[in-house]
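To start, the structure under review is shown below, and the notes come after it.
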Amino acid sequence: MLRFIFQRLLQGLLVLFVLLTISFFLISALPGDAFVKEKKMSEEALQEQRARFGLDRPVPLQYAMYLKRLIVNQDLGISPKKNREVSYILKQSFPPSVILGLNALFIACVIGIPLGVFSAVKKNTWFDYFSMGFAMIGICVAAFIVGPLLQTFIAMKVPALKVAGWETPLDILLPALTLGLAPAAYLARLTRGGMLEILNQDYVRTAYAKGLPFLTIIRRHTLRGGLLPTVAFLGPAFAGLISGSFVVETIFQVPGMGRHFINGTVDRDIFLLLGCVLYYGFLIVILNLVSDIIQALMNPRLRDSL
Amino acid sequence: MTSSEPQPEFARGTSLWMDAWHRLRQNKVAVGSGIFLILMLLLCFVAAWFMADPNIQNLDNKFSSSSGAHWLGTDQMGRDLLSRILYGGQLSLVVGLTATAVAFCIGILYGAVSGYTGGRIDATMMRLVDVLYAIPFLVLIILLQQLFDAKAGEASAWIIEKLNIEKQTTQKTIRRISNVVPLLVAISALGWLTLARITRAQVLSMKQQEFTQAARSLGLSPMRILLRHIIPNTLGPSIVYVTLTVPGFIMYEATLSFLGLGIKAPNSSWGVLIKDGANFMETQPMLLILPGLFFTSTLFAFNFLGDGLRDALDPKAAKD
């Protein structure tokens, strides 16, 4: 297994390299650059600024320069728009996003997985219909509706909760709830589907026939197989959650990373955006690896793949 | 199996699809949902043509309630709400359904081939998925929009010249189409990744099982084993996930519009209508509730149909 992890990490480096290359040329193909909207600057000042960041060179040369700086100096460059080091900007916005993402994930798992398991067990009962209805509502009502609703009906009523801001630990609650609702719904539905697949298997019937207690059957015989699709989904979902969400960050004024993804694109801030892409790619590589390992640990039939 | 019948010449096994169709018809909720979806499609794509123009403004008649002229009232610019909902439904349903269909085909085949082949090919294919996960999506959309805007201008000029159709309607229609195409391409191109991961995990666990070994020892080709023996067994979780991607993509389009990159005004979609309605949540709740009702009911129908399909396609379900 150590060899497997080592191999995957090596492959991960390759993934990041390919990702960086594709993204660099895609971003460079965007019309305009970081200084297009600066109307006040004179033509000469513009040229000077572009030269300062190397944006006046041909794209392949820019790419080579970026790569050299990244590999030799571990330097992500300076954001032309914000005039700050990209690594500094990312370091600032990284903790809020991770904290928010972890909490949202926690909420999603605590709500979603039990709902899914019990709906599968009690398939086609009122509990099933009710919880799946709830899950569907979680998917229908996007963050830009849940957020304001929570602000209006909870934050305004409960004195301990603020409408927006990011100072005390309590401020995490509402944005995490908003962010976690959709993944909770996905988890519930996926878990229910995976569990139904397993509950029909012969060995589960055998377990019932042996007279095992119901909870033991669920815990020891079905959960590991039934949660397989859930875990396959969790890897990328987790990466998505902790790389920040623009909508939730905007609504609740969270100083996270999601806005840099969007603003980096809108402002054509190539170095900032590449920094975000690299960070997100890194998360995807690591979390997909973790998710694959957990799947193999849960299902003996997958262990050959390790 | 129906092998208990006495005459051997009629003792044919029924296919999975026949069984599934048979079981699906028994499921009243699923059939009802299917009928509801067909009605919704008819409403959005046929009935909408007979409605008022969804983009005509009448600022003297803002926020009017239900009346003979405007069945569901009007919005913040005095536009007919029902007509906007139906026209918006066209865009939302096209985005949700097409992108899901593409994602379904690519994701399942890709994940199945990757998982079944294993080894280096599997590693390469799944690492490519990792790369695609992290590609900056907005950049892709902006680039595609640029590409299609240029092409749409040429296309409408060509059509007007060759076919001699009235200029304004053609341009309007083409603009509506060219507005959706980049979204569709981008969402379809990147929407299949999680489905591929889910399918691959299922296939990995199937390829060790006895029925696959049996198929292999019979000398069946890998493609046949995949298509006839493995993929049908993985469809359950995939269909469940797919019923989630339809609303997922529809809402994703709304989020893109929230960023100004989705459907452009005055065109609308369910997501955009819901988002706009949210602005008037406290004073004019109907503007949020009515589009939300269309969206949610369609979603529930998809959901129940998907559950019905999952149950019907479960190879282990009793054949009765």
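The values are calculated or read from the model by the stated rules, or taken from the named source; none is laboratory data. Just so you know, these numbers come straight off a predicted model, no measurement behind them. Note that we place each Cβ from the backbone using ideal geometry, even for glycine, and neighbour counts take in every protein chain shown. Accessible surface is based on the protein model in full, side chains and every heavy atom, while ligands, DNA and RNA are left aside. Shrake-Rupley method; radii C 1.70, N 1.55, O 1.52, S 1.80 Å.
Quick notes
- Taken over the alpha carbons of region A:16-86 as equal point scatterers, the Debye sum produces base-10 log I(q)/I(0) values at 0.17, 0.18 Å⁻¹ of -0.69, -0.77.
- Given chain A, longest segment not containing exposed loop GluC sites (Glu not before Pro) (DSSP; at most 16 other Cβ within 10 Å): A:168-306
- Computed magnitude of the charge dipole of chain B (debye, nearest 20; Cβ of K, R +1, Cβ of D, E -1): 640
- The B-A contact accounts for roughly 5100 square angstrom of buried accessible surface, both chains included, probe 1.4 angstrom.
- Amide N of region A:259-285 lying under 20 Å from the label point, which is placed 7 angstrom from the Cα of A:I5 along Cα→Cβ: A:282-285
- Only lysine pairs 8 or more places apart or on separate chains count here, and in chain B those with Cα atoms under 21 Å apart total 12.
- Average accessible surface area per residue within the protein assembly as shown, 1.4 Å rolling probe, Å²: 47
- In whole percents, the pair-distance distribution calculated for chain B from its alpha-carbon pairs, binned every 10 Å from zero, is 5, 21, 27, 23, 15, 7, 2, 0.
- Trypsin sites (Lys or Arg not before Pro) within region A:1-72, DSSP loop, no more than 15 other Cβ atoms inside 10 Å: A:K37, A:K39, A:K40
- Diffusion constant of the protein assembly as shown at 4 °C, which comes from Stokes-Einstein with the Kirkwood Cα-pair radius and 1.567 mPa s, µm²/s: 49
- Region B:73-165 shape via C-alpha gyration tensor axes, a/c threshold 1.5: prolate
- Angle between chain A longest axis and helix A:270-298 axis [Cα atoms, degrees, rounded to 10]: 20
- P(r) of region B:162-250 over all Cα-Cα pairs, binned every 5 Å from zero, in whole percent: 3, 11, 16, 13, 11, 10, 8, 7, 6, 6, 4, 3, 1
- The mean count of C-beta atoms from other chains within 10 Å of the C-beta of residues in A:127-136, rounded to a whole number, is 2.
- Evaluated on region A:236-276, the Kirkwood hydrodynamic radius is 10.4 Å, with distances taken between all distinct Cα atoms.
- With the cut-off at under 14 Å, measuring from each backbone N in region B:104-131 to a point 7 Å along the Cα-to-Cβ line of A:L14 picks out B:119-131.
- In degrees, nearest ten, helix A:228-242 long axis to first principal axis of chain A (Cα): 30
- Cβ neighbours within 10 Å from other chains - mean over B:239-250: 4
- Lys/Arg +1, Asp/Glu -1 at C-beta; region A:40-195 dipole; positive extreme among A:A64, A:P96, A:V146: A:V146
- Using the Cβ-Cβ distance between A:F25 and B:C105 with R0 = 25 Å, the FRET efficiency computed as 1/(1 + (r/R0)^6) comes to roughly 0.35.
- Rounded if a/c under 1.5, otherwise prolate or oblate - region A:155-306, Cα gyration tensor axes: oblate
- Apportionment of accessible area to carbon and sulfur, region A:195-258, percent (1.4 Å): 59
- Full extension of the chain between A:M65 and A:Q92 yields a length gain of 7.2 nm, computed as 0.36 nm times the residue separation minus the alpha carbon distance.
- Unit Cα scatterers, Debye sum, region A:108-176: log10 I(q)/I(0) for q = 0.21, 0.27 Å⁻¹: -0.90, -1.10
- Put simply, region A:175-237 fits an ellipsoid with semi-axes of 28, 11, 8 Å; these come from the alpha carbon gyration tensor as the roots of five times its eigenvalues, largest first.
- Dipole magnitude for region B:247-320: computed about the Cα centre from +1 point charges on Lys and Arg Cβ and -1 point charges on Asp and Glu Cβ, it is near 160 debye.
- Under 5 Å, built H, 5+ apart or other chain: amide partners of A:L55: none
- Rounded if a/c under 1.5, otherwise prolate or oblate - chain A, Cα gyration tensor axes: oblate
- Charge-dipole axis of the protein assembly as shown as Lys and Arg at +1 and Asp and Glu at -1 on Cβ define it, positive-most pick from B:G118, A:V110, B:L147: B:G118
- Debye-sum result for region A:63-191 in log10 I(q)/I(0), which assumes one identical scatterer on each alpha carbon, at q = 0.11, 0.16, 0.19, 0.20 Å⁻¹: -0.58, -0.87, -1.01, -1.06
- Cα-centre dipole for the protein assembly as shown with unit charges at Cβ (Lys and Arg positive, Asp and Glu negative), debye to 20: 1200
- Applying a DSSP loop filter and a limit of 15 other Cβ atoms within 10 Å to the chymotrypsin sites (Phe, Trp or Tyr not before Pro) in region B:231-320 leaves B:F280.
- Stretch in chain B that is longest and holds no GluC sites (Glu not before Pro) that DSSP places in a loop and that have at most 10 other beta carbons within 10 Å: B:1-165
- For peptide B:90-99, the mean count of partner chain Cβ atoms within 10 Å of a residue's Cβ comes to 0.
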